[in-house]
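*Asks:* Right, I'll just put the structure down here and ask away after.
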Amino acid sequence: MITLLDYGAGNVRSVRNAIRKLGCEVQNVQSPDDIVSAEKLIFPGVGNFGVVMERLVRDGYAEKLIERIRQDKPTFGICVALQTFFEGSEESPGVAGLGIIPGQITRFPDHSLSVPQIGWNGVKFRKDNSIFTGYQGEKFYFVHSFKATPSAENEDWILTTTDYGEEFISSVSKGQVVATQFHPEKSGGAGLRLLKQFLENKAIVESSLSAGGRDEEPTKIAKRVIACLDVRSNDAGDLVVTKGDQYDVREEGEVRNLGKPVELASRYYKEGADEVTFLNITGFRDFPLQDQPMLEVLKQTSKNVFVPLTIGGGIREFTDSDGNFYSALDVASRYFRSGADKVSIGSDAVYAVEEFLRTGKKTGKTAIEQISIVYGAQAVVISVDPRRVYVNSPEETDHSTIKTATPGPNGEQYCWYQCTVSGGREGRDIDAVQLVKVCEKLGAGEILLNCIDKDGTNSGFDLELIQMVKDAVTIPVIASSGAGSAAHFAEVFAKTNVDAALAAGIFHRGEVPISEVKTVVAADGIETR
Ligand code: 1PR
């Protein structure tokens, strides 16, 4: 029996699912004393440092955690949990951590790499620990903007470090206590094996590094390959994975049906997808909390898929026919609790940015702000649905233009990228660069950059759009729309510094397996998982 410390933030379902998958029963901490008495405790940390600490203190858990760790009882902390072991964090000035490990958590400094670090990175060992038994050099899934820094004072706690612009602490251990900055429950087979060692072994055994000493070679983050499932109900009312051509998903009047969401997601996980994204493409007009099938898709998928899951479509505030008000945060929370790791906001982000550009003020009330304050910036993805608008010269428009290598229908040499809402149905007077810059300011952690002109064309990614957006923000950008071959992935990674690339059609139609994408990209010297 494993005890889980669920203090009500973030996606704890994945951890629970991983434990169950490994054949153990899970019970929740019910009272502070359970923390000390639990045989084995898993402490998942998701979201903002201050919010996590505030809840731990409010519920009387903080002092019990300190007591448990001092008593050297088997404990496994994940992500922000590792950070709470330290004295405090730049993320929440003035909020004390548990103070078990010396040092402050600090933000990754501005360097050429995207922040948050989102993706799969390696580890370098400072000591041996039985928790890593069977480890074969795999990468683990990280998602964080803040990190712990190695120092002489915390040296005795450091189990592994990782490089991302600089070296940071990626796991700590002492006696029966272990914590990882990465998410084992989201790190596929390698992560599950780690958890299995903790769950099954009688005691954790630590020792100094065996012959050969420390790895000195820096670890490298992998470029992510993401499978995207556009989901909606067909005319018979079944939830299906569909795929459009430039957002038109109907063929001879019928919604294209390319398979069942849960089954396809499982297939992509087994084939090596680094993440899976679901877009509820009619979410903008339905109320997602009434769309129980979508929540069910997440619940079922997260039972067997142990890589990050993103859900988009309909993340916004809503008042139902009985007058009940639901904030965007309420909607997102339901998704997180159903198994999502990130939510993706489309139309509502456009409206929020329009409002910001009108007033120049943050209100604190937008979906982006509300969700990122509670769940962290890394949990908020902005899905951008831009379309090219061609012009003869940059002076013709106030929007950010590029000189394009693909001129317009009348030979226009320039274009700007107009943002749309409602699944591309309505264009707004705002461009992709304006949108992503303001979204980053409001607290978004990642950009999912579609392109209506390229969607479903198999003609390759819009490299010009991708580089333009990538240059406008410091948060990670996912290239989307137009992949027709594995070579298109290699091209987008080689020619732009985008962090991840996503495809739908080629995977659904079985034209290119994900493994082939990885092989071709790696053959070009690009880091993959
Ligand atoms: O506005 O917050 O409710 O979110 C709606 C979401 O649904 C948005 O993320 C929007 O991109 C998506 N969406 C709405 N309508 C469509 C449609 O296709 N009719 N899908 C749609 C957008 C784009 C990609 C696609 C890639 C790769 N799909 O996600 O998977 O273009 O395709 P490809 O590799 O086959 O070229 P809200």
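The values are calculated or read from the model by the stated rules, or taken from the named source; none is laboratory data. From a predicted model like this one, the values you see are computed outputs, not experimental measurements. In this analysis, Cβ positions are derived from the backbone assuming ideal geometry, glycine residues included, and neighbour counts consider all displayed protein chains.
*Asks:* Being in a strand (DSSP E or B), surrounded by fewer than 23 Cβ atoms within 10 Å (Cβ to Cβ) and of a type in the set (A, V, I, L, M, F, W, C), is that true of even one residue in region 344-357?
*Replies:* No: zero hits.
*Asks:* Here is a follow-up. What do you reckon, is residue 528 closer than 25 Å to residue 144 by Cβ and either modelled with pLDDT under 95 or not in a helix (DSSP H, G or I) (or both)?
*Replies:* Here the answer is yes, as residue 528 does meet what is asked.
*Asks:* Against the conditions (1) modelled with pLDDT of 95 or more; (2) in a loop (DSSP other than H, G, I, E, B), where does residue 9 fall short? Just the number, please.
*Replies:* Here residue 9 clears every test but (1).
*Asks:* Within region 260-286, track down each residue that is over 18 Å from residue 312 (Cβ atoms) and surrounded by 16 or more Cβ atoms within 10 Å (Cβ to Cβ).
*Replies:* Selection gives 260, 266, 267, 269, 271, 272.
*Asks:* I've got another one for you. May I ask you to list the residues in region 38-61 that are in contact with a Lys or Arg (Cβ under 9 Å, 6 or more places away or on another chain) and surrounded by fewer than 16 Cβ atoms within 10 Å (Cβ to Cβ)?
*Replies:* If the condition is that a residue be in contact with a Lys or Arg (Cβ under 9 Å, 6 or more places away or on another chain) and surrounded by fewer than 16 Cβ atoms within 10 Å (Cβ to Cβ), then 39 is the only one that fits.
*Asks:* Kindly indicate whether residue 359 is touching a helix residue (DSSP H, G or I) at 6+ places or on another chain (Cβ under 9 Å), away from the ligand (no atom under 14 Å from the Cβ) and of a type outside the set (A, V, I, L, M, F, W, C).
*Replies:* In short, no.
*Asks:* Would you pick out the residues in region 273-292 that are touching a Gly at 6+ places or on another chain (Cβ under 6 Å) and closer than 30 Å to residue 518 by Cβ?
*Replies:* Answer for region 273-292, where residues must be touching a Gly at 6+ places or on another chain (Cβ under 6 Å) and closer than 30 Å to residue 518 by Cβ: 279, 280, 281.
*Asks:* Going residue by residue through region 399-421, is there one that turns out to be among the charged types (D, E, K, R), assigned to a helix (DSSP H, G or I) and at pLDDT 95 or above?
*Replies:* No, region 399-421 has no match at all.
*Asks:* Kindly establish whether residue 460 is free of Cβ contacts under 8 Å to residues at least 12 places away in the same chain, more than 9 Å from the ligand (Cβ to nearest atom) and not hydroxyl-bearing (Ser, Thr, Tyr).
*Replies:* no
*Asks:* Now a separate question. Mind checking which pairs have a first residue in region 395-410 that is free of Cβ contacts under 8 Å to residues at least 40 places away in the same chain and on the phi < 0 side of the Ramachandran plot and a second that is in a loop (DSSP other than H, G, I, E, B) and of a type outside the set (Phe, Trp, Tyr), Cβ under 6 Å, 6 or more apart or different chains?
*Replies:* 403/413; 407/413
*Asks:* Show the residue pairs that are 6+ apart or on different chains and have beta-carbon atoms under 6 Å apart, the first residue being within region 336-358 and more than 23 Å from residue 476 (Cβ to Cβ), the second being in a helix (DSSP H, G or I) and within 16 Å of the ligand (Cβ to nearest atom).
*Replies:* What qualifies is 338/295; 338/298.
*Asks:* Something else now. Which residue out of 366, 397 is among the hydroxyl-bearing types (Ser, Thr, Tyr) and touching a helix residue (DSSP H, G or I) at 6+ places or on another chain (Cβ under 9 Å)?
*Replies:* Testing whether each residue is among the hydroxyl-bearing types (Ser, Thr, Tyr) and touching a helix residue (DSSP H, G or I) at 6+ places or on another chain (Cβ under 9 Å) leaves just 366.
*Asks:* Looking at this structure, is residue 444 in a loop (DSSP other than H, G, I, E, B) and buried (at least 24 other Cβ atoms within 10 Å of the Cβ)?
*Replies:* Answer is yes for this residue.
*Asks:* Sticking with this one: Which numbered condition trips up residue 365, out of (1) within 16 Å of the ligand (Cβ to nearest atom); (2) farther than 19 Å from residue 449 by Cβ; (3) of a type in the set (D, E, K, R)?
*Replies:* (1)
*Asks:* Here is a further query. Can you tell me which condition residue 81 does not meet? The list is (1) free of Cβ contacts under 8 Å to residues at least 12 places away in the same chain; (2) in contact with a strand residue (DSSP E or B) (Cβ under 7 Å, 6 or more places away or on another chain), and all the others hold.
*Replies:* Just one mismatch for residue 81, condition (1).
*Asks:* Sticking with this one: Give region 301-341 a look and list any residue that's away from the ligand (no atom under 12 Å from the Cβ), within 24 Å of residue 272 (Cβ to Cβ) and not acidic (Asp, Glu), or say none.
*Replies:* Once the filter is applied, which keeps residues that are away from the ligand (no atom under 12 Å from the Cβ), within 24 Å of residue 272 (Cβ to Cβ) and not acidic (Asp, Glu), region 301-341 yields 301, 302, 303, 304, 305, 306, 307, 308, 309, 339, 340.
*Asks:* Next up: Would you call residue 439 in a loop (DSSP other than H, G, I, E, B), within 16 Å of the ligand (Cβ to nearest atom) and either touching a residue at least 60 places away in the same chain (Cβ under 8 Å) or among the charged types (D, E, K, R) (or both)?
*Replies:* So residue 439 does not fit the description; no.
*Asks:* Now for a separate question. Please return the ranges of strands (runs of 3 or more DSSP E) entirely within region 157-236 where 1 or more residues are small (Gly, Ala, Ser).
*Replies:* 166-174, 177-180, 206-208, 224-233
*Asks:* Could you count how many residues in region 10-37 are in contact with a Ser or Thr (Cβ under 8 Å, 6 or more places away or on another chain), of a type in the set (S, T, N, Q) and surrounded by fewer than 21 Cβ atoms within 10 Å (Cβ to Cβ)?
*Replies:* Of the residues in that region, 2 qualify.
*Asks:* Restricting to region 491-516, name every residue that is of a type in the set (Gly, Ala, Ser), more than 9 Å from the ligand (Cβ to nearest atom) and under 22 Å from the mean Cα position of the chain (by Cα).
*Replies:* Result: 500, 501, 515.
*Asks:* Residue by residue through region 422-432, note down the ones that are among the hydrophobic types (A, V, I, L, M, F, W, C) and either surrounded by fewer than 15 Cβ atoms within 10 Å (Cβ to Cβ) or assigned to a strand (DSSP E or B) (or both).
*Replies:* The one that is among the hydrophobic types (A, V, I, L, M, F, W, C) and either surrounded by fewer than 15 Cβ atoms within 10 Å (Cβ to Cβ) or assigned to a strand (DSSP E or B) (or both): 430.
*Asks:* Tell me, which residue of region 229-259 that is basic (Lys, Arg) and under 23 Å from the mean Cα position of the chain (by Cα) is nearest to the ligand (Cβ to nearest atom)?
*Replies:* Step by step, filter region 229-259, then rank; the result is 243.
*Asks:* Which of (1) in a loop (DSSP other than H, G, I, E, B); (2) touching a strand residue (DSSP E or B) at 6+ places or on another chain (Cβ under 8 Å); (3) within 14 Å of the ligand (Cβ to nearest atom) is the odd one out, the single condition residue 466 does not satisfy?
*Replies:* Answer for residue 466: the failing condition is (1).
*Asks:* While we're here: What about residue 473, is it buried (at least 24 other Cβ atoms within 10 Å of the Cβ) and away from the ligand (no atom under 14 Å from the Cβ)?
*Replies:* When the stated conditions are applied, residue 473 does not pass them.
*Asks:* Looking only at region 395-433, count how many residues are farther than 11 Å from residue 465 by Cβ and within 16 Å of the ligand (Cβ to nearest atom).
*Replies:* 12
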